[in-house]
Amino acid sequence: MELKLNPEELLPLLEPFHDFYNDFDDITDYYLSKKLERLTNVKYPNIVDKLFNDNTMNPMDMSFEIVELKGGDFTNYTTQIASFPIESQIGRSMTFGIKETTTDKYVGFIRLASPVSSIKPRNDYFGQSLHLSLVNPHIVNGQTIVPVQPFGFNYLGGKLVALACVSNELRTMWNNKYGTELLVFETTSLYGSTKSVSMYDGLEPYVKFRGLTESENYLFPTDSVYNPIRNICREYYPYEGDDSGLCVRRIGPSPKMREFTKVLQIVKGHLKEWNVDELKRFDTLLKTKCKTRQQKRFYMSNFGFTNVKEHILNGTPLDRKDGQKYDFNNMVEWWKKKSTKRWEKLKSDGRLKTDLEYYTTNNIKQGLGFEIIR
């Protein structure tokens, strides 16, 4: 690698990088640090009156609709209710809210996005790693699937929101927007091997567990820590032939992750020449703090098609005898039976939650997590 930076530019930026990762002990601390950044840097509108919180309502009396949301509105909602940080999305994506129509309140939110290029459980399912020309037209990723709380706890709300992801309605909207033929939906559990169960369990035949992922993922630092380093690298190492200014080609899967990896390579290349001790320190940080090695539970849906593998690999005509089961209203009726059992059991045990949960800057700073509204 041709060295283009100088120590005076880069080295002062590395200490905040070290400080950021050394400030947290586990993934929960990391999520809260990222969430605090979002809530501190942006003034979000009050959303309390738009979130479902009538926990006396029987699931059998509920009805729902899927509403497509603008990206900014989706971010406003999810940043304040999700336990994890909401990152910007490059590439294909669509965002939705699920509304309970009798109250006109949101019960959950969805972002569908382009899938990763390769992942072990999918490769195992197809018997090979698919070329991107087969991945992008046929596979979509449930990148964000989050219920409002306590709707999620009281009513198995996460399962309802997950079912919406594999509905005929969302599949049709995605196909119409991007000219695709979706045949596979994928998603992973949030916290990985720290939990042995997930809200996606118990959704068969609609969504099935397909194994554990084996990939390592970088944990992005906050913008205030990362952007100064990234901007210097972009200035000196822009991708040739791409006017986006990134260090990597913008076209293709996961450009944000690819650029982050490229920036780390640039930093390490310079440290190798300047300061071997600093390189060892930086390498140790990346291996012990900057990556998450938790295996995540991987789930797939075939939208009711019975010969997806054969069609994608060989062009065999599609077979879908029970496609109507994937109409959202039909899945809601299926969910209501499970939800009612859950709600009635919690009510009889006196364990129904009644406090609406959402995150605020002050509560995170005080180590309290979310704020509750009674």
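Looking at segment 216-232, is at least one residue in a helix (DSSP H, G or I), in contact with a Cys (Cβ under 9 Å, 6 or more places away or on another chain) and over 22 Å from Asn22 (Cβ atoms)? Scanning segment 216-232 turns up no residue that is in a helix (DSSP H, G or I), in contact with a Cys (Cβ under 9 Å, 6 or more places away or on another chain) and over 22 Å from Asn22 (Cβ atoms). Candidates Thr75, Thr40: the one that is assigned to a helix (DSSP H, G or I) and modelled with pLDDT of 85 or more is Thr75. Considering each residue of segment 59-67 in turn, none proves to be among the acidic types (Asp, Glu), on the phi > 0 side of the Ramachandran plot and in contact with a helix residue (DSSP H, G or I) (Cβ under 9 Å, 6 or more places away or on another chain). Taken over segment 255-290, the criterion of being hydroxyl-bearing (Ser, Thr, Tyr) and either within 13 Å of Phe220 (Cα to Cα) or touching a strand residue (DSSP E or B) at 6+ places or on another chain (Cβ under 8 Å) (or both) is satisfied by Thr261 alone. Does any residue of segment 213-229 turn out to be surrounded by 18 or more Cβ atoms within 10 Å (Cβ to Cβ), over 17 Å from the mean Cα position of the chain (by Cα) and assigned by TED's automatic domain parsing to the domain that holds Asp54? The answer is no, given that none of the residues of segment 213-229 is surrounded by 18 or more Cβ atoms within 10 Å (Cβ to Cβ), over 17 Å from the mean Cα position of the chain (by Cα) and assigned by TED's automatic domain parsing to the domain that holds Asp54. Identify, please: which residue in segment 291-317 is of a type in the set (A, V, I, L, M) and buried (at least 16 other Cβ atoms within 10 Å of the Cβ) and is, among those, nearest to Pro221 (Cα to Cα)? Across segment 291-317, the extreme among qualifying residues is Met300. Among the numbered conditions (1) modelled with pLDDT of 75 or more; (2) of a type in the set (S, T, N, Q); (3) farther than 24 Å from Asn176 by Cβ; (4) surrounded by 13 or more Cβ atoms within 10 Å (Cβ to Cβ), the only one that Ser33 does not meet is (1).
For segment 77-130, the tally of residues that are more than 19 Å from Leu183 (Cβ to Cβ) and without any contact (Cβ under 8 Å) to a residue 12 or more places away in the chain stands at 1.
Let's see how each residue does on (1) assigned by TED's automatic domain parsing to the domain that holds Val135; (2) basic (Lys, Arg); (3) surrounded by fewer than 22 Cβ atoms within 10 Å (Cβ to Cβ); (4) touching a His at 6+ places or on another chain (Cβ under 9 Å):
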| position | (1), (2), (3), (4) |
| --- | --- |
| Val67 | yes, no, yes, no |
| Lys70 | yes, yes, yes, no |
| Thr79 | yes, no, yes, no |
| Phe84 | yes, no, yes, no |
| Gln89 | yes, no, yes, no |
| Ser93 | yes, no, yes, no |
| Tyr106 | yes, no, yes, no |
| Pro115 | yes, no, no, no |
| Ser118 | yes, no, yes, no |
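For segment 254-356, the helices (runs of 4 or more DSSP H) that sit wholly inside it and include 2 or more residues that are more than 28 Å from Leu190 (Cβ to Cβ) and in the same structural domain as Ile229 (by TED's automatic domain parsing) are 255-274, 276-285.
Being within 23 Å of the chain's Cα centre (by Cα) and surrounded by 15 or more Cβ atoms within 10 Å (Cβ to Cβ) is the filter here, so list the residues in segment 233-255 that pass it. Across segment 233-255, the qualifying residues are Leu246, Val248, Arg250, Pro253, Ser254, Pro255.
The single condition from (1) in contact with a Lys or Arg (Cβ under 8 Å, 6 or more places away or on another chain); (2) assigned to a strand (DSSP E or B) that Gly108 fails is (1). Residues that are more than 19 Å from Ser133 (Cα to Cα) and of a type in the set (S, T, N, Q) within segment 103-122 comprise just one, Thr103.
The values are calculated or read from the model by the stated rules, or taken from the named source; none is laboratory data. None of the values given here were measured: they were computed from a predicted structure. Please note: Cβ atoms are built from the backbone with ideal geometry, for glycine as well, and neighbour counts cover all protein chains shown.
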